[in-house]
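Below is one structure, written out as structure tokens, with a few remarks after it.
The values are calculated or read from the model by the stated rules, or taken from the named source; none is laboratory data. Predicted model only: the values in this text are computed from it and were never measured. All Cβ positions, glycine included, derive from the backbone under ideal geometry; neighbour counts span all protein chains shown.
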Amino acid sequence: MIEKETHYWTIDPNNIQQENKKIAEAATLLQAGEVVAFPTETVYGLGADATNSDAVAKIFQAKGRPADNPLIVHVAEKAQIKTYVTEIPQIAEKLIDAFMPGPLTVILKSNQKIASIVTAGLDTIAIRIPDHTVARALIEASGRPLAAPSANTSGKPSPTQAIHVFQDLNQKIAGIVDGGEAGVGVESTVVDCTGELPLILRPGGVTKEEMEAVVGEVLVDQALKQSTEQPKAPGMKYNHYEPDAPLHLIQGDTAFFQAQIDQLISESKKVGVIASEELANELQASHIKQIGTRSDLKTIAKHLYDALRFFNEKEIDIILCETFTDQGVGQAIMNRLQKAATKEIKQ
Ligand code: TXA
Ligand code: MG
């Protein structure tokens, strides 16, 4: 690929009025059909004008993303959603009212106004409204709906900081808007609203329990539980979130975890450990990345992807990571860890 200079803007999300000039510069590049990375509350997105097929093609090229994996369209306001869909069923309306702006993506029937490269030729479209002042200011300033996947190289952990985007995509995209660390840390929940009941295709920042409190029963794509099923979100079939070293998930007590570390060290392996504060305090290991307390899964989610990238520059042979409950946002955490892992070891 031809290398290009990547513009870099640092924007304070709490002082967005004073950042108009930088937002306008980034928006001008988007209007010109270029690709710009920007912060959202979940992870950084790699945005392009969703109405411009050539612009969207540059996203797939920069990420090395398979063409059959559709993108989420990002809009700034609820009123814009109806522009791109045939109808908004009542259940979708309730979810939109309850969780947007926020880490939820709804799948609705597309009216085909958005370029088919965005939807990978499907008759449905994924739409969300990011809960981030910089993201919404950029969408508004560009005057376009923005197609945006996570701003990482395909297969790598998603970026929760601008530095992660820089590591993967510097000189491959027109710009990076740095708006600080993403707050949620895992991607939006993708929920298919085209059937009778909402169906979670990808667990994420909004939990199943939170949605059920608003709309009653919510289904979960069986493929998330049984690997024999074909997932309904095309992206869920690919390998994902992989650190450079192999990742093993360890399910067991502290002594069991310690025994795994000791065994690898006795084989002269350099071991990296990703663990909660509680476990980290009890383990004997030279390279531990602590990701927060087990009693606050939101903190664990926020630090997860950074931890998966943490050992990349450190010549680690193998990474061992603790497992978590699959309740609440734990469902998204465990989904990402299981996709990133090469092996699960149970006591
Ligand atoms: O939090 C997020 O959702 C982030 C930020 C940047 O907004 N974006 C993100 O996009 O995670 P991406 O492309 O990494 O993941 C989108 C997922 C993929 O699994 C894709 O297959 C699925 O959504 N998807 C998109 N359109 C779909 C459709 N029409 N039907 C089913 N799944 C769809
Ligand atoms: Mg992604």
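Descriptive notes on the structure:
- Summed over segment 210-241, the residues that are within 16 Å of ligand 2 (Cβ to nearest atom) and of a type in the set (S, T, N, Q) give a count of 1.
- Listed by first and then second residue, the pairs with beta-carbon distance under 6 Å, at least 6 apart or on different chains, first residue in segment 190-205 and touching a residue at least 60 places away in the same chain (Cβ under 8 Å), second among the acidic types (D, E) and surrounded by 23 or more Cβ atoms within 10 Å (Cβ to Cβ), are G204/E187.
- Just so you know, in segment 30-53 the residues that are in a loop (DSSP other than H, G, I, E, B), more than 19 Å from the chain's Cα centre (by Cα) and on the phi < 0 side of the Ramachandran plot include one that is farthest from ligand 1 (Cβ to nearest atom), and it is A32.
- Lone qualifier among E181, E210, E196 - being over 30 Å from D123 (Cα atoms) and either within 11 Å of ligand 1 (Cβ to nearest atom) or assigned by TED's automatic domain parsing to the domain that holds D97 (or both): E181
- Test: residue in segment 171-194 that is surrounded by fewer than 23 Cβ atoms within 10 Å (Cβ to Cβ) and within 13 Å of ligand 2 (Cβ to nearest atom): no
- Any strands (runs of 3 or more DSSP E) falling wholly within segment 150-249 and containing at least 2 residues that are within 14 Å of the chain's Cα centre (by Cα): 189-192, 199-202
- Counting the residues of segment 118-162 that are of a type in the set (S, T, Y), away from ligand 2 (no atom under 16 Å from the Cβ) and either closer than 19 Å to V186 by Cα or not assigned by TED's automatic domain parsing to the domain that holds Q31 (or both) gives 1.
- For segment 64-76, the criterion of being in a helix (DSSP H, G or I), away from ligand 2 (no atom under 13 Å from the Cβ), assigned by TED's automatic domain parsing to the domain that holds E212 and modelled with pLDDT of 95 or more is satisfied by no residue at all.
- Restricting A92, A76, A147, A120 to those that are surrounded by fewer than 21 Cβ atoms within 10 Å (Cβ to Cβ) and within 22 Å of V206 (Cα to Cα) reduces the list to A76.
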